Amino acid sequence: MIKFFRKIRQKILTENKFSKYLIYAIGEIILVVIGILIALWISNWTENLKSKNIETRALINLRAEFKDNSDRLADLIRLKLQEDKEHRAYLEFISNDTITLKNKIKVPIPKTSGRRWSATYEVLNGLLSTGEIEKIKNDSLKSLLTKWTVSVTEYIQTEPRFLASTEDNKNYLSSRIYFDVTKEGDVGYRKFPSSYYPNNTEAINNSQMTTFINDIEYFNLFSTKLNILRIQLTIANNIQRKNKTIEQLIDLELQCVKK
């Protein structure tokens, strides 16, 4: 192609026709410019396709990660809601002056599982650390993703407080009553009384509980744990709402990317 244009140029020059050469030169420049523009368009198209593929892959991986986090958080919220309900019912019962002490000590002391929420955000961290988060075009989604780990950290910081509160309750009771022991061969933990206890264990526990069931320290220990539990639920529900919004925005973004 270059040889072809060179021959034309030489022929015009030998004919000594400046006007024709000028027209040819302008035409050649136009062709070069068109060639450059086409090359740039192809380069931009390739880069956009690459960027689109990166965004699609990131969104798919993010969707899976947030779905997993949401499912596990939902299970934890259900568990903590049940614990919250049981603790509130227990405190309301033992603080009710119309209920006799004999009946108060018969109510089982509510327990907590101590279960934690292990949020995973490897995909998100990868996008943030490499800067590929910028490939996501939806600004609302990008903003939520950038701030998401802050909410997770806020929840995680409540876990040591809750465990410490649970331990305080346990320590208070450990010097006053016998704890439950699982019978041999059983998988449950509430098998009181069992063969490991003295025969009069239940009578001892009931007698002990009459001395502290109305104790303000006992009440405050449980109410402290309940308050931390409520804080955890508030933060967890807030995270879950953000999770659902992020999942919805990811789905919308994937629909746009695939078009």
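The values are calculated or read from the model by the stated rules, or taken from the named source; none is laboratory data. Just so you know, these numbers come straight off a predicted model, no measurement behind them. FYI the Cβ positions are ideal-geometry reconstructions off the backbone, even for glycines, and counts take in every protein chain you see. Side chains included, ligands, DNA and RNA excluded: accessible areas come from the protein's heavy atoms. Shrake-Rupley method; radii C 1.70, N 1.55, O 1.52, S 1.80 Å.
If I ignore ligands, DNA and RNA and count only protein heavy atoms, how much of D71 is accessible to a 1.4 Å probe, in Å² to the nearest 10?
Rounded to the nearest 10, the figure is 70 Å².
Arrange the peptides 233-240, 98-105 so that the one whose residues have, on average, the most other Cβ atoms within 10 Å appears first. Don't skip to the end; give the middle numbers.
Values: 233-240: 16.2, 98-105: 11.8.
Result, highest mean first: 233-240, 98-105.
How would R241, R72 rank on accessible area, largest to smallest, probe 1.4 Å?
Solvent-accessible surface, decreasing: R241, R72.
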